[in-house]
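The values are calculated or read from the model by the stated rules, or taken from the named source; none is laboratory data. Just so we're clear, the structure is a prediction, and the values are computed from it rather than from any experiment. Glycine also receives a Cβ, built like all others from the backbone with ideal geometry; neighbour counts cover every protein chain displayed. For accessibility, only protein heavy atoms count, side chains too; no ligands or nucleic acids. Shrake-Rupley method; radii C 1.70, N 1.55, O 1.52, S 1.80 Å.
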Amino acid sequence: MDNLKVNIPLERTSALGGAVSQEAASTLTPALSWNIANQITILRVLLAPVYIIMLLYGFIVPALVIFFALGASDAVDGFVARRTGQVTFLGTILDPLADKLILIASFLSLSFLGLIPAWLTIVVVSRDILIVTGSLVLKVFSGSVAVTPSLLGKWTTGLQLLTVFWVLWFNFLETRPPLMAPLLGLTVAATLASGLHYVYRVMRRSADTP
């Protein structure tokens, strides 16, 4: 197994990082390689429930520290994978999964605590469901899930992360977050737009598939 290379049209995406092109995907290292980049990604997945527990039980300082650690490790694992050529099939699955897990869990928890409106969480979760559904459609019709992350998608992820940080930080300061309405408006608008844009790209790619 360790001598095999995966040759699939799959891209590694990251909330804070870049993407691996289809050409680069042909040189992916072994699918189950437990390299440093993958170990960092797995650590992020394991830290996610700890972060949520801290948040739900009101330990805001530890939650903020872990949130920063998760964001930093996201950037680090992508950098390490690209610079060392340690991009693996396992990493292409775990990295975006960790990103989605952290964001979705954050919005669900903040909504449960009454710190953000429930409708925002519904919009965020619905967009991710659309993305997963679109990936499955591509897999069925073209055998590929390679839709490169758009600039709009990256801005959306950035706004969602900013929203979580904004709420956590001012909750720690025990004061009402300023400019909350404009931030929520931008976040929901970008989330809806990027979700619809992703569906459009999936439909166009499916239509172009022989």
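Ordering Tyr57, Tyr200 by how much accessible area each has at a 1.4 Å probe, largest first, what is the list? The partial results should precede the final answer.
On the way: Tyr57 170, Tyr200 125 Å².
Solvent-accessible surface, decreasing: Tyr57, Tyr200.
By average Cβ neighbour count within 10 Å, what is the ranking of 174-187, 94-107, 60-73 from highest down? Spell out each step's value before the answer.
Details: 174-187: 13.0, 94-107: 21.1, 60-73: 16.8.
Order by mean packing, descending: 94-107, 60-73, 174-187.
To the nearest 0.05, how large is the calculated FRET efficiency for Leu97 and Ile36 if R₀ is 25 Å and r is the Cβ-Cβ distance? Spell out each step's value before the answer.
Values: r = 18 Å, r/R0 = 0.73.
Computed FRET efficiency for Leu97 and Ile36 comes out at 0.85.
Take Trp119, Trp166, Trp155 and sort them by solvent-accessible surface of the protein heavy atoms, 1.4 Å probe, largest at the top. Numbers along the way, then the final one.
Numbers: Trp119 125, Trp166 60, Trp155 160 Å².
Highest to lowest solvent-accessible surface, that is Trp155, Trp119, Trp166.
Could you please put Val50, Val167 in sequence from largest to smallest accessible area, using a 1.4 Å probe?
Details: Val50 65, Val167 5 Å².
Heavy-atom accessible area, descending, gives Val50, Val167.
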